[in-house]
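Everything on this sheet refers to the single structure shown next.
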Amino acid sequence: MTAPSEVATGVVLTDAAASKAKALLDQEGRDDLSLRIAVQPGGCAGLRYQLFFDDRQLDGDVIGDFSGVKLAVDRKSVPYLSGASIDFVDTIEKQGFTIDNPNATGSCACGDSFN
């Protein structure tokens with residue numbers, strides 16, 4: 001069964017990603033920010049992700065809630081991100097947020113852009 005937040009944004013924020021985002025917000029003492037994911041033109045493959053904390057709510061934003069973390073997706077990015085999953089990994093090889101997007105048909109070597 002799909003949670004209401006997943007239906008709204010089309011994006012899943014894993015428990016690990018929500019926990020890390022919440023820890024970062026708590027560390028800054030902020031509860032007024034959302035985690036925003038957006039798709040912008042650019043990068044070597046044509047499109048690139050932007051993932052950042054935002055205090056704005058844009059007209060047409062789709063908002064989901066994952067364990068108390070608000071996830072904002074602007075209306076133009078929703079079609080590119082439907083079914084995507086944001087995770088947080090912390091291993092010896094890498095640390096950070098990762099995006100698994102079934103809509104990406106290709107990506108560049110750096111992993112920051114897709115098409």
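The values are calculated or read from the model by the stated rules, or taken from the named source; none is laboratory data. All of these numbers come straight from a predicted model, not from anything done at the bench. Here the Cβ is made from the backbone with ideal geometry for all residues, glycine too, and neighbour counts use every protein chain on show.
Quick notes on this structure:
- Candidates are the residues of region 45-85 that are among the polar types (S, T, N, Q) and under 16 Å from Leu13 (Cβ atoms); the one that is farthest from the chain's Cα centre (by Cα) is Ser67.
- Residue list for region 68-84, restricted to those being on the phi > 0 side of the Ramachandran plot and in contact with a strand residue (DSSP E or B) (Cβ under 9 Å, 6 or more places away or on another chain): Gly83
- Candidate set from region 91-115 (those that are out of contact with any Lys or Arg (no Cβ under 8 Å at 6 or more places or on another chain) and of a type in the set (Ser, Thr, Tyr)); member that is modelled with the lowest pLDDT: Ser107
- Any hit, region 31-44, residues being in a strand (DSSP E or B), farther than 19 Å from Leu13 by Cα and not polar (S, T, N, Q): yes
- The number of residues in region 63-85 that are basic (Lys, Arg) and outside any strand (DSSP E or B) comes to 2.
- Only one of Gly60, Gly64 that is at pLDDT below 95 and either on the phi > 0 side of the Ramachandran plot or out of contact with any helix residue (DSSP H, G or I) (no Cβ under 8 Å at 6 or more places or on another chain) (or both): Gly60
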